[in-house]
């Protein structure tokens, strides 16, 4: 399986991403991650924390190839964003803390996954980018809301509107990342951060996590946007964005 659920012990579990290539997420991979949360995490009352990491040292997670996006019709775009939002909701609303351990490149859906986690740890040489503006594609509104919720509107605008490639240290200064480690310290630092949750109270963790889940839901309820409609707006007949996208076939979000 390209996304592997691995129970470390009674209280801790890992999700390892191993999709090959650039760890490119598509509909199939997103549904696979959703199923892992539904089958192994949300029903397991003993778990205290989840670690999401990549088995590829160069890519944590990226989005689909541009050609795949360009071939979507309006209904396809709605379905794509619906699955993406469901996946992000399962991560953000996990009953226990979710930690991501980032090495390498993060872009596209990788940004959505990292942003949905409770704690974001990264190696210093990792890089992060929302490339949607570069390719003329609308970022799903829930992704924009999540960034705004985490780091504020101004910093979220910088990430979403510029398509700039950010270093881990830059995003640490944005308060987006929880901790940044050097290459030599990364494995040990992330392992300790993760393992420390095993010493905490299961009931306390879950009750407190529920507070933050409710806080996020309240934020969403007061910032309602039609994410599927906004994303698929560019797919209306008469737009020329697909023609311009053909110049980027072979690229990935």
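The figures follow:
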item: Checklist (1) assigned to a helix (DSSP H, G or I); (2) closer than 24 Å to residue 56 by Cβ; (3) at pLDDT 95 or above applied to residue 177, failing item; result: (1)
item: Options 171, 161; residue that is closer than 26 Å to residue 12 by Cβ and part of a helix (DSSP H, G or I); result: 171
item: Residue list for the range 197-215, filter: surrounded by 11 or more Cβ atoms within 10 Å (Cβ to Cβ) and either more than 23 Å from residue 150 (Cα to Cα) or in contact with a strand residue (DSSP E or B) (Cβ under 6 Å, 6 or more places away or on another chain) (or both); result: 197, 198, 200, 202
item: Flag if residue 228 is closer than 29 Å to residue 66 by Cβ, in a helix (DSSP H, G or I) and modelled with pLDDT of 55 or more; result: no
item: Matching residues in the range 167-184 - criterion: being within 28 Å of residue 7 (Cα to Cα) and either surrounded by 13 or more Cβ atoms within 10 Å (Cβ to Cβ) or in contact with a strand residue (DSSP E or B) (Cβ under 9 Å, 6 or more places away or on another chain) (or both); result: 176, 177, 178, 179, 180, 181, 182, 183
item: Which listed residue is assigned to a helix (DSSP H, G or I) and at pLDDT below 75, from 196, 247; result: 247
item: Search result, residues across the range 167-210 that are over 21 Å from the mean Cα position of the chain (by Cα) and without any contact (Cβ under 8 Å) to a residue 24 or more places away in the chain; result: 184, 185, 188, 192, 196, 199, 201, 203, 204, 207, 208
item: Hey, residue 166 at pLDDT 95 or above and farther than 27 Å from residue 48 by Cα or not; result: yes
item: When residues of the range 119-145 are limited to those that are in contact with a strand residue (DSSP E or B) (Cβ under 6 Å, 6 or more places away or on another chain) and in a loop (DSSP other than H, G, I, E, B), the one surrounded by the most Cβ atoms within 10 Å (Cβ to Cβ); result: 126
item: Some residue of the range 154-166 being crowded, with 17+ Cβ neighbours inside 10 Å and touching a residue at least 60 places away in the same chain (Cβ under 8 Å); result: no
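The values are calculated or read from the model by the stated rules, or taken from the named source; none is laboratory data. What you see is a predicted model; the values in this text were computed from it and never measured. As a convention, Cβ positions derive from the backbone with ideal geometry for all residues, glycine included, and neighbour counts pool all protein chains shown.
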